[in-house]
Every structure is written in structure tokens, then in C-alpha cells.
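Have a look at the structure below before the remarks.
The values are calculated or read from the model by the stated rules, or taken from the named source; none is laboratory data. Predicted model only: the values in this text are computed from it and were never measured. Cβ coordinates were reconstructed from backbone atoms using ideal geometry, including for glycine residues, and neighbour counts include every protein chain displayed. Accessible surface areas use protein heavy atoms only, side chains included; no ligands, DNA or RNA. Shrake-Rupley method; radii C 1.70, N 1.55, O 1.52, S 1.80 Å.
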Amino acid sequence: IAGVATGVSSDRLVPDKVVTSDSLDIAADEKGLRVSGPGRIGKVWFDVAYVLPFGREAQGRSHVEGTVELSPTTVAEFELGLPSGMVTGKGLGQIRIDFAKDQPAKLTLSSDLRGLGLLLADLGWTKGQDGRGQLDIAATLSKPAQVDSITLDAPGLKAEGAIRLAEGGLDLARFDRVQLGGWLDAPVELRGNGRGRAPDISVTGGRVDLRRLDRKGGSSNGAGGAGIPISVALDRLVISQSISLTGFRGNFSTRGGLNGDFTARVNGIDPARIAGTVVPMRGGTAVRVQSGDAGITLAAAGMFTNAVGGTLDLQLVPRAAAGSYDGTVNIRRVRVRNAPVLAGLLNAVSVVGLLEQLNGEGIVFNQMDGTFVLTPERVVVTRGSAVGASMGVSAEGSFRLADKAFDMQGVISPIYLLNGIGQIVSKKGEGLFGFNYRLRGTADKPAISVN
């Protein structure tokens, strides 16, 4: 048998959808039935063939295979729960649906994503309509449908997971691994909030590398948008070549840009616990970090191992270059002991009593302040000072993170309590009289010169 059906319309072939076609080819022989041609499910275009084998060996199985439209229309028609604007353009997918008696149909779909635009504005990722990638989906067409597996591989983004749909949209999307822009490698969950609303996001492990974060990305919500809640439980957050935060826990929102609060440990050192806040700024995200034990925190960061106690307040503001920040640091009531560089300075200026104090209980600095530039390779101190009753020190210069080599200069002012009147005519940390110094080398092998 061979024929053509015209003006086709059915509300039974696909539950809750009307299938229409101007023309379908129909053919049947002793092996089975085949119906093929273009048409629409609701508003979504397709060009497929339905194949129904005859005979006992077919066991009532049949299938549909062909091409289907992928577009914002597809998202809306099948109530996939994706935010408006996430999908643009129009692409094609290769589809197959297998039917078996008394069982939900099984669907597989693959696409090279050509012609389809994708946007994750709050994560700073986009794929243009001219770009290619690969999307593979396996789903069970129960009610509601369930996506048993989904794999997305596009420039700058890879994801593998599964999706559970609810009536009216997304219930839960769980991705075992998401790799985004070289800065994110972590498992991610998205929980639906109803039709047309952005999902909640949870990062449940993995790693984020701030050095590779694209500062051109960011939220599209603006200050007036509702923002997306993001719960984060990272294994590691990389800040620079030698500084990472482990056990990172935080709750954030993307309203106006990334903002929220967090806790973490510095470089995996359990006592080196910090609490912090991130806020959106022009060009990226600013960070404020506070610690109740400045000595342990600085030692864990590998920056200074001879401080005891004190409080730390550190602020980082992003610069134009990726992974670079303008920073300020304030430390209060910290004690410095057995510091070879400081011992070398005190020995050079031959101040009686301070060396013994340094190598004993330590020298107390009531206040340490500094401004600096942090890059992935170095810390450049533009202004630094440490002030205590026994002495004051000013400093500026650079410190390389990889080999901990420094090149610093400044003024050391002994007996600062009496000498501090010099602040009227000098920088903070410098007294009425003092000694110019220059430091080079490393903490283990410093080269010290004093005038």
C-alpha cells in the first residue's frame, strides 16, 4: 500500500499536543507500516518517519526518527522551565523515540547546536548562533518527562548530568561535572522555581580558579533584578599561585553582580579560618576577608611565618587584568618573634634591647597597615607601615609568590613611642629620626643594607 495523507491533524498521537502536517507519505507491506514527512507538534517543526514493524517478533514495538527544531519555541512548547533569553536562534536535532507496549517512550536527541544561541548571563558564558558544539540527551517520556542523561560540549562549557522535570517546568537538574571557562570545575545542581523563573544554583564541591575568571562576564539582572541564589560548598577556591581557600562555604546572590558571605580555611590549614564578604564592583567582584588570628592566617598563606595573634582585615578590589587586585590590609595587636629579616635590620642599626625582645617574647605592633597590588605572580607593596611602642617601620617594594623573593625599602625608627612625634613631618611608621634600609633576597637569605 502506498499513499499520501493531506491536511493531517491529531490530538491523540502526542498527549496534550496537536500534531499537524500538510502532507505525509504512507507506505505499508508485509514487513510493516511507515508514515513520514514534515509537520508540527504544537508550534515546533519536525521532519520524521514513524516505523511500525509487523509480526510477532516485533513485540508491539515501534519508533520515530528524524529531525526536530530546537529553538525558544521548543523551550516554551514543552515547558522546559529555562529562563527567557537563555536560548535564541534556531537549530536542528536528530531525534529517535522508541515505543513499547505499556511502557513510557524512550527518547534520544543529538545536535551540533549550529544556529542555536545559548546564554548563561550570570555566569558570564555565551555561545553564538554561528558556533558549534554537541548536545546529547536521553529521556523517558513519562508524565512529567525525565532526562536520564544530558551531555553538553560547547566552546568554554562542558556539562554532564540528568534532569528531573515537574509539571510546568524544571524540578531538579543535577550535573556531576561542569567545566566553565577554565575557572569552574565542579558538580552543580539547579532547582526550579516555576515557569519563567531562574533556578536556584548549588555548587556541591569541586574547584574555582579566580585567576581565570572572565571579568567581562557577570550578571545581566542589574540592580533591579531579583538575582539568582547560589549556595557554594567548594573543595578549593584558588586566589593566586600560592594562596587557595579550602572548605569554602558561602551563600550568594547575583543581584547586581555576585554578592554574599563565606567562610573558609587558608591553604587547608584548619586553625587558619577566615570569614569574608564579596560585593559587585565595576570590573568584577571585590572581596573582604577577616580573621581572628592574623599570625596563623599569614603563615598559612605563606606570606609571613613569624607573627603571633592579632586580628586581620584584608580587602581586595579587582583590577582590569585577570587575577589582579588592589588591596589594603589592617592588622591590630600582633606580636612578631624570631623574624630573621627584622633581626638583621635591628642588628644593622645596633639598637640595644630590641634584638633580645624580638628573640624572646617578641615585639608588639599595635597597628600594621598597607596598600598593595596583588597579581598571580607577586605582591607589590605601595605603602606599608608597622607601629608599636618599641619601633616603627615603613616599607614599599615587591614580593614574588613563587620563590618568596623580595626587594623592599623603607625606614626603621627605634623607640617609636618617644620618636613618633616625627609623624608630623614623615610617613606613618617613621619617627623623627630613623634609618633608611634596603632588603633583597629571601626570608632565609636576606641581603640587608642600612644607611
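Brief remarks follow.
- Residues of the stretch 23-34 that turn out to be over 14 Å from SER10 (Cβ atoms) and under 53 Å from the mean Cα position of the chain (by Cα), as a count: 4
- A Cβ distance below 6 Å, combined with a sequence gap of six or more or placement on separate chains, defines the contacts here; from the stretch 1-15, residues that are over 20 Å from ALA28 (Cα atoms) and open to solvent by 40 Å² or more (accessible area, probe 1.4 Å) reach residues that are in a loop (DSSP other than H, G, I, E, B) and not hydroxyl-bearing (Ser, Thr, Tyr) in the pairs ASP11/VAL18.
- Looking across the stretch 134-146, the residues that are more than 14 Å from LEU70 (Cα to Cα) and at pLDDT 90 or above come down to ALA138, ALA139, THR140.
- Number of the condition not met by GLY309 [criteria: (1) under 42 Å from the mean Cα position of the chain (by Cα); (2) at negative phi; (3) open to solvent by less than 60 Å² (accessible area, probe 1.4 Å)]: (2)
- Where PHE304 falls short, out of the listed (1) out of contact with any Leu (no Cβ under 7 Å at 6 or more places or on another chain); (2) open to solvent by 30 Å² or more (accessible area, probe 1.4 Å): (1)
- The stretch 79-104: number of residues that are closer than 15 Å to LEU170 by Cα, exposed (fewer than 15 other Cβ atoms within 10 Å of the Cβ) and touching a Leu at 6+ places or on another chain (Cβ under 9 Å): 0
- Residue in the stretch 211-221 that is more than 20 Å from LEU170 (Cβ to Cβ), surrounded by 19 or more Cβ atoms within 10 Å (Cβ to Cβ) and at pLDDT 90 or above present: no
- Options GLY168, GLY181; residue that is at pLDDT below 90, open to solvent by 30 Å² or more (accessible area, probe 1.4 Å) and either farther than 21 Å from ARG207 by Cβ or not polar (S, T, N, Q) (or both): GLY181
- Of the residues making up the stretch 56-66, those that are exposed (fewer than 15 other Cβ atoms within 10 Å of the Cβ) and either in contact (Cβ under 8 Å) with a residue 12 or more places away in the chain or β-branched (Val, Ile, Thr) (or both) are ALA58, GLN59, GLY60, ARG61.
- Strands (runs of 3 or more DSSP E) within the stretch 27-95 that include 3 or more residues within 30 Å of TRP125 (Cβ to Cβ): 44-53, 62-70, 87-89
- Enumeration of residues in the stretch 246-268 that are hydrophobic (A, V, I, L, M, F, W, C), over 11 Å from GLY205 (Cα atoms) and under 13 Å from the mean Cα position of the chain (by Cα): PHE252, LEU258
- Residue ID - surrounded by the fewest Cβ atoms within 10 Å (Cβ to Cβ), chosen from residues in the stretch 321-349 that are within 27 Å of the chain's Cα centre (by Cα) and at pLDDT 75 or above: ALA321
- Residues satisfying the stated conditions in the stretch 34-43, i.e. hydrophobic (A, V, I, L, M, F, W, C) and at pLDDT 95 or above: VAL35
- Any hit, the stretch 278-301, residues being in contact with a helix residue (DSSP H, G or I) (Cβ under 8 Å, 6 or more places away or on another chain) and surrounded by fewer than 20 Cβ atoms within 10 Å (Cβ to Cβ): no
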